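Novice: I'd like to ask some things about the structure below.
The values are calculated or read from the model by the stated rules, or taken from the named source; none is laboratory data. Quantities reported herein were computed from a predicted structural model and do not represent experimental measurements. A quick note on method: Cβ atoms are made from the backbone with ideal geometry, for glycine too, and the neighbour counts reach across all protein chains shown. Remember, those area values only see protein heavy atoms, side chains included, never the ligands or the DNA or RNA. Shrake-Rupley method; radii C 1.70, N 1.55, O 1.52, S 1.80 Å.
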Amino acid sequence: MFSRNTCAALSRTRLLSNQLARTASPRIQSMSYSAPKHTMVTSVQTNEAYARQKRRYCLTNSQSQAIKAAGQVWLSGQIPADAQGKLIKGTMTEQTQAIIKNTEAILKASGTGLDRVVKVVVYVKDANVMPEFASVYDPAFPHRPARSMVEVSKLPAGVDIQVDFIAVV
């Protein structure tokens, strides 16, 4: 049924397979890693920045300005508002300046700063505002953290922009 050459090739293949099975046994290495059992999670609040607490358009009455855990700070979405909660309805430049100012205050209260921001997500109603946004954002973040932009149809309180920040402590 098989030619002599085919049988010889099959035989050599079986022999090599058997040798590999014996010599190439998987090496299992155990790695020890001791993760901390509990990571401290703290809520960050400051009067220097806007907090959406107890506002009619907030989903809950207990929203933090930020959460600090595991050496990182996750800010709640920042919208253009002053420290008293009055919405900024000016140009995108003015709105972005308010967001940066609030972010800086919250990060300071968290023990970090704008220079430690590692990730930014920008939500806008109209992506065409990004050049004006960048004119304020870029000088505030010369280290250029990772940034994403998403165009959305609706944002809280009817604002045109909301920005999420993640920083390291």
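Novice: Past the 22 Å Cα-Cα mark, which pairs from Lys108/Lys154; Lys68/Lys154; Lys89/Lys125; Lys86/Lys119; Lys68/Lys108?
Specialist: Lys108/Lys154; Lys68/Lys154; Lys86/Lys119
Novice: Give the span of region 76-116's Cα atoms along each principal axis, as three whole-Å numbers ordered largest to smallest.
Specialist: Reported extents, whole Å, longest axis first: 30, 19, 13.
Novice: Taking a probe of 1.4 Å, how large is the accessible area per residue of region 75-169, in Å²?
Specialist: Numbers: 4480 Å² over 95 residues.
Per residue, region 75-169 has an accessible area of 47 Å².
Novice: Also, quick follow-up: Explain nothing, just compute: Karplus ³J(HN,Hα) = 6.51 cos²θ - 1.76 cosθ + 1.60, θ = phi - 60°, for every residue of region 76-90 in order, whole Hz, x for Gly and Pro.
Specialist: For region 76-90, the Karplus-derived couplings read 5, x, 9, 10, x, 8, 7, 4, 8, x, 6, 5, 8, 10, x Hz, x marking Gly and Pro.
Novice: State the extension gain, in nm to one decimal, for the chain segment bounded by Leu87 and Ala146, taking 0.36 nm per residue of separation less the distance between their alpha-carbons. Before the final figure, lay out each step's value.
Specialist: Working: separation 59, 0.36 × 59 = 21.24 nm, distance 2.70 nm.
Here the segment from Leu87 to Ala146 would lengthen by 18.5 nm.
Novice: Rounded, prolate or oblate for region 93-140? Axes are the square roots of the Cα gyration tensor eigenvalues, ordered a ≥ b ≥ c, and the cut-off for rounded is a/c under 1.5.
Specialist: Prolate.
Novice: Can you pull out the trypsin sites (Lys or Arg not before Pro) in region 75-169 that DSSP calls coil and that have at most 14 other Cβ atoms within 10 Å?
Specialist: On the way: sites: Lys86, Lys89, Lys101, Lys108, Arg116, Lys119, Lys125, Arg147, Lys154; in loops: Lys86, Lys89, Lys125, Lys154.
Listed in order of number, the matching sites are Lys86, Lys89, Lys154.
Novice: Let me ask something additional. Quick one: Cα convex hull volume of region 112-169, Å³ per residue?
Specialist: About 80 Å³ per residue, rounded to a whole number.
Novice: So how far apart, in nm, are the two label points at Ala157 and Val118 if each is 7 Å from Cα heading toward Cβ?
Specialist: If labels sit at Ala157 and Val118, their model points lie 2.9 nm apart.
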